[in-house]
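Visitor: Structure incoming, see below.
Read-outs throughout are calculated quantities, based only on the coordinates presented, and are distinct from any laboratory measurement. Everything quoted here is computed from the prediction, not taken from an experiment. Note: ideal-geometry Cβ built from the backbone for every residue, glycine included; neighbour counts use all protein chains shown.
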Amino acid sequence: MDLTLSEEHEALRAVVEEFAHKEVAPVIGELYERGEFPYEIVGKMGAMGLFGLPVAEEYGGMGGDYFALCLALEELARVDSSVAITLEAGVSLGAMPLYRFGTDAQKERWLPELCRGEKLGAFGLTEPGGGSDAGATRTRARLDNGAGRDNAGEREWVISGSKSFITNSGTDITALVTVTAVTGQAEDGTGRKEISSIIVPSGTPGFTVEANYSKVGWCASDTHGLSFEDCRVPEENLLGERGRGYAQFLRTLDEGRVAIAALSTGLAQGCVDESLAYVRDRSAFGGPIGRFQALQFKIADMEVRAHNARLAWWHAAAKMVAGEPFKKEAAIAKLTASNAAMDNARDATQIFGGYGFMNEFAVGRFYRDAKILEIGEGTSEVQRMLIARELGLDA
Ligand SMILES: Cc1cc2nc3c(=O)[nH]c(=O)nc-3n(C[C@H](O)[C@H](O)[C@H](O)COP(=O)(O)OP(=O)(O)OC[C@H]3O[C@@H](n4cnc5c(N)ncnc54)[C@H](O)[C@@H]3O)c2cc1C
């Protein structure tokens, strides 16, 4: 077992670490407070190739692996999570479903601009009626032959329904949202819904992007509700095969959980970085507060959590990259790392005292950004459900 990074992975990690400190740290606080999307940073990340890290070169990607993407996410989230989630969602929810399940024509059409970061893709699974129970999708899509329309004879999907909380879905550079929709009944006689994924380009008539949410955290990221009212897209916008939507999003979420675990690890480590600097600088009772064992132990516990979180996501990513089953490991990593992020954010804020509650310090942002990590891409309860199921404990 080798737990050292390869030369390529270490070089990438170091480049992203430097980028986060030089390009993100100086500007992100103000963008966050104003709730502005970090277009310039996204452009720079695109030029560095980060949006194409795990995609093959023939589609404009860097030909790297998913582990590389996760390393980049960890380094970004050590400094800021809005930027990190923009990359995470752009790649693992925007580009990867197309890359994994799309036809050659779909990959050629969409992937190059997504990999360059010039455009963003989004994935619309969650609905107002529920996210954890994703099989309960209500959005519907029917095939229509266009009779009575200019394009009579050309079949189209007609989509109606709504989606909630969709990341990267409403930026000026959003190119598409892949949405899950009920397209009929499964043919296996179970009476289950047939769910498919359909690519909806931005600006399609009948597709409305609602106002940006006012969020507790991730304030410089882009999140919208979406509605579809008789929204027509060509038949060939079906992602891969009809009826494969359920399997596609399960795979997408398994991979996404490893990425969110890496991002959570970054936030947990960022709390250690900030706390170490602060306890050396801040004085109380005649000397630096770092001499108090109570704070030393707090920081030691924080480092342990970040370390364990990293081991958990490395393990899940290693299994995934090796082509082995990784569902349980992905859920363990997401649960471990999001807990670490929450606990470390709380402890770091405590170490900063009153300044921890001020927006000008990064730990205040970390505190607000940590909570969503226990919710997005499957709540902690859902992770426990998956782990129990993998252990043979079915409901
Ligand atoms: C900022 C942000 C960005 C997001 N980005 C995206 C995105 O890009 N695309 C997308 O599709 N979604 C996105 N989401 C949605 C996110 O994935 C869902 O919020 C999440 O999956 C939970 O779904 P829900 O909010 O409907 O909660 P619910 O499913 O209603 O859950 C409510 C509570 O019930 C618990 N619960 C539910 N079922 C069970 C059960 N069987 N056993 C025990 N407890 C249970 C949950 O754990 C939770 O505590 C985003 C959300 C946020 C806040």
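Visitor: Straight distance only, please: which lysines reach the Cα of residue 215 with their own Cα at less than 28 Å, same-chain residues fewer than 8 apart left out?
Guide: Qualifying lysines at Cα under 28 Å: 22, 44, 119, 163, 334, 371.
Visitor: Based on the Cβ-Cβ distance of residue 355 and residue 235, what FRET efficiency does E = 1/(1 + (r/R0)^6) give at R0 = 51 Å, to the nearest 0.05? Don't skip to the answer; put the middle values down first.
Guide: Details: r = 57 Å, r/R0 = 1.12.
Working from the Cβ atoms, E equals 0.35.
Visitor: Tell me the relative contact order for region 232-322 as a rounded percent, counting alpha carbon contacts under 8 Å between residues six or more apart. Could you put the intermediate results ahead of the total?
Guide: Details: 40 pairs, mean separation 30.1, N = 91.
After rounding, I find 33 percent.
Visitor: Label point 7 Å out from residue 103 along Cα-to-Cβ: which residues of region 176-209 have amide N under 15 Å?
Guide: Inside the label zone: 197-200.
Visitor: Please list the radius of gyration and Dmax for region 282-395, considering alpha-carbon atoms only, with Å as the unit.
Guide: Over region 282-395's Cα set, Rg and Dmax evaluate to 17.5, 59 Å.
Visitor: Of all alpha-carbon pairs in the chain, indicate the percentage at a distance above 25 angstrom. Mind dumping the intermediate values first?
Guide: Working: 43426 of 77815 pairs.
In whole percent, the long-distance tail amounts to 56.
Visitor: For the chain, what's the relative contact order in percent, using C-alpha pairs closer than 8 Å and at least 6 residues apart?
Guide: Working: 773 pairs, mean separation 63.3, N = 395.
Relative contact order here is 16 percent.
Visitor: Report the FRET efficiency, 1/(1 + (r/R0)^6), for residue 384 and residue 14, where r is their Cβ-Cβ distance and R0 is 35 Å, rounded to 0.05.
Guide: Details: r = 36 Å, r/R0 = 1.02.
So the FRET efficiency works out to roughly 0.45.
Visitor: How much net charge surrounds residue 33 when only other residues with a Cβ under 10 Å from its Cβ are counted (Lys, Arg +1; Asp, Glu -1)? Working shown, then result.
Guide: Numbers: positive: 34, 365; negative: 30, 36, 360.
Around residue 33, the surrounding residues sum to -1.
Visitor: Mean separation of Cα pairs under 8 Å and 6+ residues apart, divided by the residue count of region 15-75: what relative contact order is that in percent?
Guide: Details: 45 pairs, mean separation 15.7, N = 61.
RCO, region 15-75: 26 percent.
Visitor: Next up: Whose amide H sits under 5 Å from the amide H of residue 55, counting only residues 5 or more places off or on another chain, with H placed in the peptide plane?
Guide: Amide H neighbours of residue 55, under 5 Å, 5+ apart: 62, 63, 64.
Visitor: Mind checking the full-extension length gain between residue 281 and residue 154? Use 0.36 nm per residue of separation minus the Cα-Cα distance, one decimal, nm.
Guide: 38.9 nm
Visitor: Pop the C-beta distance of residue 393 and residue 308 into the FRET formula with R0 = 22 Å and round what comes out to the nearest 0.05. Write down the numbers at each step before the final one.
Guide: Working: r = 24 Å, r/R0 = 1.08.
Taking R0 as 22 Å, the efficiency between residue 393 and residue 308 is 0.40.
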